[in-house]
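Here the structure comes first, spelled out in structure tokens, and everything after it is commentary.
Only the coordinates and a few stated rules stand behind these numbers; no lab work does. Computed from a predicted model, the values in this text were never measured in an experiment. No Cβ is skipped: glycine too gets one built from the backbone with ideal geometry, and neighbour counts run over all protein chains shown.
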Amino acid sequence: MKKQKTDIVIVGTGASGLYAALNLPRDREILMITKDTVENSDSFLAQGGICVLRDPDDYDSFMEDTLRAGHYENNRAAVDVMIRFSRSTIEDLISYGVDFTRDGTGNLAYTREGAHSKPRILYHADITGREITSKLLAQVRQLPNVTIREQVTMLDILEQENSCFGILVRESDGTLATIVADETVWACGGVGGLYVHSTNFPHLTGDALAISLLHGITLEHINYVQIHPTTLYSKTPGRRFLISESVRGEGARLYNAAGERFTDEVLPRDLLTQEVRKQMKKDGKPYVWLDMSPLGRETILSHFPNIYQHCLSEGYDVTRDWIPVVPAQHYFMGGVKVDLQSRTSMNHLYAIGETSCNGVHGANRLASNSLLESLIFAKRAAEDISTHRSETDVSDLGNKLADQLDLSTYEDLSQLQAQYKTMILDEMERERKEK
Ligand SMILES: Cc1cc2nc3c(=O)[nH]c(=O)nc-3n(C[C@H](O)[C@H](O)[C@H](O)COP(=O)(O)OP(=O)(O)OC[C@H]3O[C@@H](n4cnc5c(N)ncnc54)[C@H](O)[C@@H]3O)c2cc1C
């Protein structure tokens, strides 16, 4: 079996993994791996935008909107960190070339989504995630100390006495290999791949959660899964196309089968999902209707060109046609429990982005808080790694642990994936029943 040693291994190349890499010291060797290609992360799919504290007077209402959406189950200290560091994070993104949409006078333009009491979301048309993540990727590609390897899947960690010494992976050619590392960072995204209907990439299957269950790493709120109320209804299997909440924030309307409005379109996601599902049941239909025409042709074409084009390719001209929409799995509020420095319960193991749970989102995420939270807590992980630098050489121990692995456990990938999926869904169910 091939064995490799690096200083820091980052599992995942979405926004959180890339931003962590950018904030780690340049004299440390960093290896990033992704299960798929670098463009295939949920970070590239984000449409609506990224929240920011507009001005100091917005603090209380940003806090309250986040807490109310999260049913007051949020970790207030984590929300405070997110809000306070939001402006500097946006400035950082702009310095990397991220081009947020601006108003007629050249100032940043702000939009609004469900459950926000005021517009505080920055965006780039309706492809904000692509704009941010591609610029972060371009920056990381310039770093001589970072290597990105695609189609490499983490299957397990190298662990002894609650300390992590790296990971076991499946290479793109199907062979097994180990990557021994001083520090391991999980940036593996969410769990959409465990669901039939999801807006997420299907390869995001919560692998870090299953590995946590195997090694006794603490998880939190893993039954807190967000369903997005409006994805484009389709009979074909595969990823569901999201109709961003900001179209409702900007005035799009929901209608039942009789063509009547039945709810407040800017309710928090979980409550709106309930209303949509109730209405679908009453109507006996697998969808309700969404009308984007109140936004006007010009706004639709300038602010939502991606949604316009996608719907057109499915036969709907959203400047005049109503589109059928249905709720689908979208986001994972729970995850690997971390502290405010993104440290897990295992030594030398960090978790960031959607894989982690620092409590920012509580029981339900406020729209456009996830990219922001992912970036801020990725930087905090990088800062913690930088300040607690260990000079101990873990190569020998890591290699010894690699030699002790029973490789037969990992040879049948589909069996392993099925086992991991069952473990996660069972744990979610157990937690749901316990509540
Ligand atoms: C359609 C859509 C629209 C969204 N819109 C918004 C929005 O407008 N605003 C907002 O704030 N948020 C939005 N979100 C949520 C946001 O995009 C995600 O929460 C965020 O991008 C997650 O970033 P991440 O770095 O944690 O994970 P991801 O970007 O999902 O990256 C995960 C990475 O981990 C890798 N990986 C996973 N498992 C393994 C493994 N076992 N081995 C190796 N690699 C692995 C994947 O290949 C990938 O590279 C949206 C999400 C979706 C799906």
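Quick notes
- C-alpha long axis of helix 128-141 to longest principal axis of the chain, angle in °: 30
- Folded to 0 to 90 degrees: helix 370-387 orientation relative to the chain principal axis, Cα: 20
- Once the C-beta distance of R26 and S88 is scaled by a Förster radius of 22 Å, the resulting FRET efficiency is 0.60 to the nearest 0.05.
- GNM top mover of D57, D42, D317 - the chain, alpha-carbon springs below 10 Å: D57
- Peptide packing for 77-87, 127-137, 406-416 was compared via the average number of neighbouring C-beta atoms within 10 Å per residue; ordered from the highest value, the list is 127-137, 77-87, 406-416.
- Springs between Cα atoms under 10 Å define the GNM used for the chain, and in it the highest mean-square fluctuation of K278, K337, K235 occurs at K235.
- 5 angstrom amide H check on D126, placed H, neighbours 5+ away: N306
- The relative contact order of the range 230-328 comes to 34 percent, based on Cα pairs under 8 Å that sit 6 or more residues apart.
- Crossing angle, helix 269-283 versus the chain [Cα axis fit, 0-90 degrees, rounded to tens]: 60
- Given R0 = 51 Å, the distance between the Cβ atoms of S61 and S414 translates into a calculated FRET efficiency of 0.55.
- Reported to the nearest whole Å, the Cα centre-to-centre distance from the range 375-435 to the range 111-128 is 34.
- Net charge of neighbours whose Cβ lies under 14 Å from the Cβ of V152, counting Lys and Arg as +1 and Asp and Glu as -1: -2
- Ranked by how many other beta carbons lie within 10 Å on average, peptides 254-267, 154-167 from highest: 154-167, 254-267
- The length gained by stretching the chain between Q309 and L407 to full extension, at 0.36 nm per residue less their Cα-Cα distance, is 30.6 nm.
- Placing R0 at 35 angstrom, the Cβ-Cβ distance between L271 and E434 gives a FRET efficiency of 0.90 after rounding to 0.05.
- Extension gain for the segment L108 to Y72, taken as residue separation times 0.36 nm less the Cα-Cα distance, is 9.9 nm to one decimal.
- Sequence of S16, S198 once ranked by neighbouring C-beta atoms within 10 Å, starting from the fewest: S198, S16
- The chain: relative contact order in percent, alpha carbon pairs under 8 Å with at least 6 residues between: 24
- Take 182-188, 292-298, 6-12, 373-379 and order them by the average number of nearby Cβ atoms within 10 Å per residue, most first; the result is 182-188, 373-379, 6-12, 292-298.
- Neighbour net charge for I300 - beta-carbon separation under 12 angstrom, K R +1, D E -1: -4
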